[in-house]
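**Student:** Starting off with a structure, shown below.
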Amino acid sequence: MIDFDAYVKYSRPGPRYTSYPTAPEFSDKFSYEDYLRELKTRDASRPLSLYLHLPFCRSACYFCGCNVIYTSKEDRKTRYMEYLQKELDLLAANLDTSAPVLQMHFGGGTPTFYGADQLDEIIKMIKAKFKNFSPEAEISCEIDPRFLTREQLDVLVSHGFNRISYGVQDFDERVQKEIHRIQPYEITKNAVDMARAKGINSINMDLIYGLPYQTLESFKATLDKALTLSPDRLAVFNYAHVPWIKKSMRKFDETTLPEPKVKLEILKLTHDFLSANGYEMIGMDHYSKPADELHTALKNGSLHRNFQGYTTKGGADLIGIGLTSIGEGARHYAQNFKDMDAYEAAIDTGRLPYCRGILLNEEDLLRKEVIMGLMSNFCVDIEAIEEKFKIKFFEHFGASLKQLEALKDFVQVSTNRISVTPTGTLLIRNIAMCFDEYMVKNLGEKRFSKTV
């Protein structure tokens, strides 16, 4: 039995660790010239992963923390496509694009805000520059079920897309109205049925807990409905309430948000319910059926985490394409401009739309290995870390291990391994934070959502 009061006391702002160091540490100290040098000198033996950001949405979902542009104007979409082509030309001039592509993901925004013909053109633009797609490539797209046609699915399938992620969030009508996203169950079911009929056999569904007016009972009803659609994966996210960053979140009456104790009850319900119905927990927030490759990767310790979420395609250099996209190399992160005018201006001068990033030093690389091991596989192989980085783990991480003592009920530390307990997975962000060198200097700053 989980002691909810014990968990609540650990609720504090903390990163989700899609990267380490995290995005607030990015800056222009890692210059444009530095970034070009990293692209041009990358290890040719490393494969590529591509992320394309399509930023447009028809209207605002008030909970959303993504970088989006709300518009109904066709000319904005076609103009963006023109700049994507120019950006791809610049990438091809500064990067060896012949390496095998193991992964491609379309995110947003709403990628299917683009029509079938436009999606076809965008994909062809990418494949004209990156021609070496692996036969085993994971090619995925985020989709708003409210705006999906058979013609769009035909285009995606024809280009090898084999995974789809549907945004659902919650099936409760009152919650949908409050978050400004009316999406009846029938619309989602139709979108899932269409994808299955087109031969897409890996479907993810995103849910969010912690939204206004959610209760234990209402979210149980949402889970019941979700499982009638039999998604292969479920991502159940803790709502990140950051109104100081996202103005749309200020529309919520904060008294309608579930208390931390209620959120934990919902989380435990979710975990128990999905576990009882054939799903297993994969990393933070994610669940999959046992036949899914994410489950296999977790069992053999090869699961990886990046800005696209959890993946089996580790060891690839991630190339971010489009507005606000983030790329990741062996020792750097690089982010494009978030502002459209700045994005276009850079490209107009013949420069990649790079804005800021970070070059990882040896300490960053070491701590990244530890933190991502925890976030992905809930464990750290101490002997492997010592061998790879030529350190004595318990000496080097003395201060971190001292912080970890406060979480001793959720972590097992032996001479050669750190393992997170099943209940500790609910506090994985807190556990990872013990090894984050940057958290000390950021205490008190409003940078992150709360961990619980």
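**Student:** List every residue pair whose Cβ atoms lie under 6 Å apart, where the two residues are 6 or more positions apart in sequence or sit on different chains, the first residue falls within region 268-293 and is assigned to a helix (DSSP H, G or I), and the second residue, located anywhere, is buried (at least 16 other Cβ atoms within 10 Å of the Cβ).
**Tutor:** Hits for this filter: 270/236; 273/223; 274/287; 293/312.
**Student:** When residues of region 378-405 are filtered for being of a type in the set (A, V, I, L, M) and under 13 Å from residue 435 (Cα atoms), how many remain?
**Tutor:** 4
**Student:** Based on what the data block shows, is residue 323 touching a helix residue (DSSP H, G or I) at 6+ places or on another chain (Cβ under 7 Å) and in contact (Cβ under 8 Å) with a residue 60 or more places away in the chain?
**Tutor:** It is true that residue 323 is touching a helix residue (DSSP H, G or I) at 6+ places or on another chain (Cβ under 7 Å) and in contact (Cβ under 8 Å) with a residue 60 or more places away in the chain.
**Student:** Additional query: Kindly indicate whether residue 131 is of a type in the set (Lys, Arg) and closer than 25 Å to residue 201 by Cβ.
**Tutor:** Judged against the criteria, residue 131 is not a match.
**Student:** Okay, moving on. Among 19, 98, which is the only one that is surrounded by fewer than 20 Cβ atoms within 10 Å (Cβ to Cβ) and among the polar types (S, T, N, Q)?
**Tutor:** None of the others qualify; the one that does is 98.
**Student:** Could I ask something else about it? Are any of the residues in region 55-67 surrounded by fewer than 17 Cβ atoms within 10 Å (Cβ to Cβ), without any contact (Cβ under 8 Å) to a residue 12 or more places away in the chain and either in a helix (DSSP H, G or I) or touching a helix residue (DSSP H, G or I) at 6+ places or on another chain (Cβ under 7 Å) (or both)?
**Tutor:** The answer is no, given that none of the residues of region 55-67 is surrounded by fewer than 17 Cβ atoms within 10 Å (Cβ to Cβ), without any contact (Cβ under 8 Å) to a residue 12 or more places away in the chain and either in a helix (DSSP H, G or I) or touching a helix residue (DSSP H, G or I) at 6+ places or on another chain (Cβ under 7 Å) (or both).
**Student:** Out of everything in region 224-239 that is under 22 Å from the mean Cα position of the chain (by Cα) and farther than 13 Å from residue 278 by Cα, what residue ends up being modelled with the highest pLDDT?
**Tutor:** Result: 226.
**Student:** When you scan region 199-210, do you find a residue that is under 20 Å from residue 279 (Cα atoms), hydroxyl-bearing (Ser, Thr, Tyr), in the same structural domain as residue 266 (by TED's automatic domain parsing) and surrounded by 17 or more Cβ atoms within 10 Å (Cβ to Cβ), even just one?
**Tutor:** Yes, region 199-210 contains a residue that is under 20 Å from residue 279 (Cα atoms), hydroxyl-bearing (Ser, Thr, Tyr), in the same structural domain as residue 266 (by TED's automatic domain parsing) and surrounded by 17 or more Cβ atoms within 10 Å (Cβ to Cβ).
**Student:** Also, I was wondering about something else. Filter region 385-408 down to residues that are free of Cβ contacts under 8 Å to residues at least 24 places away in the same chain and under 18 Å from residue 10 (Cα atoms), then give me how many there are.
**Tutor:** So the count comes out to 4.
**Student:** Pairs needed: first member in region 25-42, at negative phi; second member anywhere, β-branched (Val, Ile, Thr) and not in a helix (DSSP H, G or I); C-beta distance under 6 Å; at least 6 residues apart or different chains.
**Tutor:** Pairs that qualify, where the first residue is at negative phi and the partner is β-branched (Val, Ile, Thr) and not in a helix (DSSP H, G or I), are 25/358; 26/358; 30/358.
**Student:** In region 34-54, which residue that is assigned to a loop (DSSP other than H, G, I, E, B) and polar (S, T, N, Q) is farthest from residue 250 (Cα to Cα)?
**Tutor:** Per the criteria, the residue is 45.
**Student:** Select, from 323, 318, the only residue that is in a loop (DSSP other than H, G, I, E, B), within 17 Å of the chain's Cα centre (by Cα), at pLDDT 85 or above and buried (at least 21 other Cβ atoms within 10 Å of the Cβ).
**Tutor:** 323
The values are calculated or read from the model by the stated rules, or taken from the named source; none is laboratory data. Since this is a predicted model, take the numbers as computed values, not measurements. Don't worry about glycine lacking a Cβ; one is built from the backbone with ideal geometry, like all the others, and counts go over all protein chains shown.
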